[in-house]
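The structure appears below as structure tokens.
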Amino acid sequence: AQSVTQPDIHITVSEGASLELRCNYSYGATPYLFWYVQSPGQGLQLLLKYFSGDTLVQGIKGFEAEFKRSQSSFNLRKPSVHWSDAAEYFCAVGGGLTGGGNKLTFGTGTQLKVEL
Amino acid sequence: NAGVTQTPKFRVLKTGQSMTLLCAQDMNHEYMYWYRQDPGMGLRLIHYSVGEGTTAKGEVPDGYNVSRLKKQNFLLGLESAAPSQTSVYFCASRVSGTFYNEQFFGPGTRLTVL
């Protein structure tokens with residue numbers, strides 16, 4: 001069964017500081033990996049995704065993530081955080097087909113607080 | 001394009017009442033999903049549909065029913081609401097094809113069952 005672990009429930013960083021959010025996955029084959037962001041009271045928005053190719057993936061809003069197969073990780077990074085980045089971030093792994101339909105398995109999320 | 005919309009945005013029910021949540025998408029997507037989001041648990045899949053007239057169970061289907069009579073709509077029903085169904089419900093949709101395709105999410109419905 002596929003699973004995702006986000007070990008950090010809450011993270012606080014200062015504006016302008018760098019950010020790394022951790023994500024570890026368990027999946028039996030080549031994983032489809034996603035990072036979504038959820039602003040308060042909003043739905044989820046895709047930041048970036050990975051399936052194959054270059055293990056460093058660029059996304060929107062200046063985010064990037066690196067796929068490391070040996071560590072089963074897909075950590076999200078940003079060199080300089082802005083106050084508007086305060087939100088909840090979800091890592092997800094795709095696959096798990098049974099009868100069709102890509103089913104995403106989500107981590108429990110990391111709440112990011114940005115101090116001014 | 002409105003994308004994925006959900007109706008209603010908020011609802012309060014009493015235990016035992018029934019209701020239907022409506023999800024609509026105008027992107028001509030084949031696949032649609034219903035998730036629930038609870039604190040500390042991320043999003044969990046309730047039911048999904050790979051096309052008009054087809055539905056399938058997800059991770060937490062008990063107490064819910066769904067219907068996909070029209071391609072653009074995906075309804076989630078609670079026949080007899082329970083306090084354990086207090087949650088935020090999200091609908092999502094995506095094009096068919098590879099697993100790589102992004103799911104697009106609606107803004108959510110916040111449901112409280114008293």
Worksheet item: Taking a threshold of 30 Å on the Cα-Cα distance, which of the pairs A:Lys113/B:Lys9; A:Lys61/A:Lys103; B:Lys9/B:Lys70; A:Lys49/B:Lys14; A:Lys61/B:Lys57; A:Lys68/B:Lys71 fall above it?
Response: A:Lys49/B:Lys14; A:Lys61/B:Lys57; A:Lys68/B:Lys71
Discussion item. Which one, A:Pro31, A:Ser80, A:His10, projects farthest toward the positive side of the charge dipole computed for chain A from Cβ point charges (K/R +1, D/E -1)?
Written reply: A:Pro31
Worksheet, complete the sentence: In the neighbourhood of B:Phe104 defined by beta carbon distances under 12 Å, the net charge of the other residues (Lys, Arg +1; Asp, Glu -1) is -1
Worksheet item: Could you work out Rg/(2.2 N^0.38 Å) for the protein assembly as shown, with Rg from alpha carbons only?
Response: 1.01
Response to the item:
Restricting to aspartates and glutamates and to Cα separations under 12 Å from A:Lys78, and discarding same-chain partners fewer than 8 apart, the set is A:Glu15, A:Glu20, A:Glu64, A:Glu66
Worksheet item: Tell me, what is the FRET efficiency for B:Tyr100 and B:Asp26 to the nearest 0.05, using R0 = 30 angstrom and their Cβ-Cβ distance as r?
Response: 0.85
Worksheet, complete the sentence: Fewest to most Cβ atoms within 10 Å: B:Asp38, A:Asp85, B:Asp62 sort as B:Asp62, B:Asp38, A:Asp85
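Assign unit charges at the C-beta atoms only (+1 for Lys and Arg, -1 for Asp and Glu), then state the dipole size of chain A relative to its Cα centre in Debye, rounded to the nearest 20.
That gives a dipole near 320 debye.
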Response to the item:
Relative contact order as a percentage, chain A, C-alpha pairs under 8 Å and 6+ apart, gives 37
Worksheet item: How would you rank B:Val95, B:Val113, going from fewest to most other Cβ atoms within 10 Å of each one's own Cβ?
Response: B:Val95, B:Val113
Item to complete: Would you please classify the overall shape of region B:13-91 from the alpha carbon gyration tensor, given that a ≥ b ≥ c denote the square roots of the eigenvalues, rounded means a/c under 1.5, and beyond that prolate means a/b larger than b/c while oblate covers the rest?
Response: prolate
Worksheet, complete the sentence: Computed on Cα atoms only, the convex hull of chain A has an orientation-averaged projected area in nm² of 7.3
Fill in: Sorted by Cβ neighbour density within 10 Å, fewest at the top, the residues B:Ser80, B:Ser49
B:Ser80, B:Ser49
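Under the definition of Cα pairs under 8 Å and six or more residues apart, what whole-number percent is the relative contact order of chain B? Walk me through the intermediate numbers first.
On the way: 299 pairs, mean separation 40.2, N = 114.
Once normalised by length, the contact order is 35 percent.
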Discussion item. Quick check on region B:1-47: take the gyration tensor over C-alpha atoms, sort the square-rooted eigenvalues as a ≥ b ≥ c, and tell me if it's rounded (a/c under 1.5), prolate or oblate.
Written reply: oblate
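Since every read-out is calculated from the coordinates, none of them should be taken as a lab result. Everything quoted here is computed from the prediction, not taken from an experiment. Note that we place each Cβ from the backbone using ideal geometry, even for glycine, and neighbour counts take in every protein chain shown.
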